[in-house]
């Protein structure tokens, strides 16, 4: 998303009151940008691939409905995500359930609806054994961990030696147990591996997918039948947060896959993907009001309304999740002038609530607006309720002859905060004394 496009939206949002004193923080989603990303994904892989969107990256029903309309499926990892995926209009046959802690009730619901399930472990398969009917429409897979290593962000790496996800293939006896699990279950027809995430190089991701492909070939050869018919290769394409450039691209990823396992895209196996961040991140931004500025220890600090409640990862892991920050004046116009090193801090009541440290920006002042770029995924859509701060409003936008905003989510009200904080049961503890 270009700086000029962001500037046009900020100016309009300030003009119409979608951003300002009465609404000091809001998220914005570029509708055409999202659709363009989806087209790029489909074009890179070609036809015949089920691309599911990872609901955790933007758990907003209007966004999910837009993606469903444009031919995406949905990957979910909780009963809440399954509910909003269904409400968004996804066909159950295009939904994949991937939680590592699925309950019996959740499994039963998926099996009844025909939602695909990727079992995380062999014990989960045994649960499914007792629940699955012969006429069940759900595709059942098993998640494996190829244990190919760690990216630059350890907490985001899912194919490490001790990852909590999947069956660890290099552990003693594990590979044989996986082959045996397929031999005992003719209805087990999919292998799943999610190797990448932010900080993982394409070569590492492709290496893990290649290992999964080789395992599928080994299982089918051992069983003497083509039992595994599809591979879920996950998502995890990293995002460049340093500029407007979309790199790596889906085309780059497909090239890496072809280099590591040329047969993957020849149609032998149906493919499923689970991209999230790469579809949304660069198609959204956060705008926030500057409430105060102050100086401390020789450093200028701008206190804004965007902190850990909307940018949790950036605040808690600033080196791993740095964001670009842009400065606008009170009328929504891009600020110019001499650059000054400033901390851009948020409203949360802890000292580390800073989204940018010593950032060189035109001098900020009360009433200005800061923009946090590339925050379309995982930021305003999954807020942290710290300090009982309200969820921010979220808007989609289009630009033709002028900017048009569409409400995705209204800002949370104080009444809603009180209700979610147990207002209905306010006297419960007092009356039990």
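So here's what we get for this one:
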| read-out | value |
| --- | --- |
| 10 °C / 1.306 mPa s Stokes-Einstein diffusion coefficient of the chain, Kirkwood radius on C-alpha pairs, µm²/s | 69 |
| Residue-averaged 222 nm ellipticity for the chain, from DSSP H runs of 4+ at -39500 (n - 2.57), nearest 500 | -9000 deg cm²/dmol |
| Full-stretch length increase - residue 401, residue 225 - with 0.36 nm per residue and alpha-carbon distance subtracted | 57.5 nm |
| Sites residue 420 and residue 382, calculated FRET efficiency, Cβ-Cβ separation with R0 22 Å, nearest 0.05 | 0.90 |
| Label-point separation, residue 331 to residue 360 (7 Å along Cα→Cβ), nm | 2.8 |
| Nearest-ten-degree value, helix 79-88 long axis tilted from longest Cα axis of the chain | 80 |
| Residue 113 versus residue 240: modelled label distance in nm, points set 7 Å from Cα along the beta carbon direction | 3.7 |
| Crossing angle, helix 3-16 versus the chain [Cα axis fit, 0-90 degrees, rounded to tens] | 60 |
| In nm, spacing of pseudo-spin labels at residue 214 and residue 341 (7 Å Cα→C-beta vector) | 4.9 |
| Tensor-based shape of the range 31-279 (alpha-carbon gyration tensor, a/c under 1.5 rounded, otherwise prolate or oblate) | oblate |
| Potential extension, residue 258-residue 22 segment - 0.36 nm per residue separation minus Cα distance | 79.8 nm |
| Extension gain, residue 180 back to residue 123 (0.36 nm per residue minus Cα-Cα distance, nm) | 19.2 nm |
| Two-site FRET efficiency, residue 432 against residue 295, from Cβ-Cβ distance with R₀ of 51 Å, rounded to 0.05 | 0.50 |
| DSSP-defined antiparallel bridges as percent of all bridges, the chain, nearest 5 | 45 |
| Nearest 10 degrees, 0 to 90: helix 31-45 Cα axis against the chain principal axis | 30 |
| q = 0.12, 0.18, 0.20, 0.28 Å⁻¹: log10 I(q)/I(0) that the Debye formula gives for the range 235-309, counting C-alpha atoms only | -0.58, -0.88, -0.98, -1.27 |
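Every number here is computed from the coordinates shown, using simple stated rules; none is lab data. Just so you know, these numbers come straight off a predicted model, no measurement behind them. No Cβ is skipped: glycine too gets one built from the backbone with ideal geometry, and neighbour counts run over all protein chains shown.
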